[in-house]
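One structure below.
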Amino acid sequence: MASDKRLIAVIWDYDGTLVDTRHKNLNVTRKIIERITKRSADEFPMLENIEEYHRATMETSNWRKFYREEFEIGEEQVNEAGSLWTEYQLNDDTPVKVFEGIREGMLSIGTVPQGIVSQNSKSSVKRQLESDGLIKYFSHIIGYEEVAMDKQKPEPDGLISCIKDLSDSEDGTIFYIGDHETDIQCATRANQVLTETGLNVLSIGILYGSELNSSKWKTQPDYEAKSVQELFDIIAKHKA
């Protein structure tokens, strides 16, 4: 789906697009599950290794459903897991790596307003971006805790809020970059909300962070990027 409208903002999902957080998120999840279930994390197959964990998270629409279905816990325990996430993220020292090419790519779009809409915590995202020297590129960050529990992705509320904060324009294109079908669905729903405006949300499906692909996604992205370079090439064509 192409657009000849000028590019007015770029919004990212955080995990799997800017940085590879899989190992850290696995370690944090193991600790949280052991605390709230009083069971060893080794009892849960999806927590045995990074491949199983990543598969399970990619096949689940959002973090609440992941905890509820994969660990068979109730809403009270899911809420407890959510309340612990930021604390455990900030206290975990598992290395997180920025995807190669992101820093160079940022220089090419530095004048375009950028934001983040993530199901990670805002505090954790900000601290990591500050550590990596990338925080200067992002004028607005929305974490899961800033969105009502029943409005988490794929609902578009967080994305719509970020769009409003980043742009005062009534006409133009916004890219939403994500590595999960839920991100693509979120962009699609945002477009439906903005249908009466001159704003157009285009999704870019990121395929460079894992071995998974989008072939089984019911909602297909407007663009796919199999490398960081390909991602920034897509953005550059709309920025010109």
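Just so it is clear, none of the values below were taken in a lab; they were calculated from the coordinates. All figures in this text were calculated on a predicted structure; none of them were measured in a lab. Quick reminder, even Gly has a Cβ in these numbers, built from the backbone with ideal geometry, and neighbours come from all protein chains shown.
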Quick check for me: using +1 on Lys/Arg Cβ and -1 on Asp/Glu Cβ, what's the dipole size of the chain about its Cα centre, in debye to the nearest 20?
340
Please enumerate, by chain and number, the aspartates and glutamates with C-alpha under 18 Å from the C-alpha of Lys239, excluding those fewer than 8 residues away in the same chain.
Asp4, Glu104, Asp168, Glu170, Asp171, Asp222, Glu224, Glu230
Which cross-chain or sequence-distant (5 or more) residues have an amide H under 5 Å from the amide H of Ile116, H modelled 1.01 Å from N in plane?
Trp12, His140, Ile141, Ile142
Pick out, in residue order, every one of the GluC sites (Glu not before Pro) in region 136-201 that is DSSP loop and has at most 11 other C-beta atoms within 10 Å; say none if there are none.
Glu170, Glu196
Among Ile141, Val96, Ile184, the residue whose Cα sits farthest towards the positive end of the charge dipole of the chain (+1 at Cβ of Lys and Arg, -1 at Cβ of Asp and Glu, taken about the Cα centre) is Ile141
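Give me the percent relative contact order of the chain, please, defined on Cα pairs under 8 angstrom at least 6 residues apart. Kindly include the intermediate steps, with their values, before the conclusion.
Values: 391 pairs, mean separation 61.8, N = 240.
Rounded, it is 26 percent for the chain.
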Karplus-derived 3J(HN,Hα), 6.51/-1.76/1.60, for each residue of region 68-76, Hz, glycine and proline x
5, 8, 6, 10, 6, 10, x, 4, 5
Under 5 Å from the placed amide H of Lys97, counting only residues 5+ away or on other chains, we find Asp20
Under 25 Å between alpha carbons: how many lysine pairs meet that in region 1-152, if sequence neighbours fewer than 8 apart on the same chain are excluded?
21
Starting from region 153-240, pick out the trypsin sites (Lys or Arg not before Pro) whose DSSP state is loop and whose Cβ has at most 15 other Cβ atoms within 10 Å.
Lys216, Lys218, Lys226
Within straight-line cross-link reach of Lys164, aspartates and glutamates at Cα separation under 20 Å, skipping those fewer than 8 residues along the same chain
Asp13, Glu145, Glu146, Glu155, Asp183, Glu196
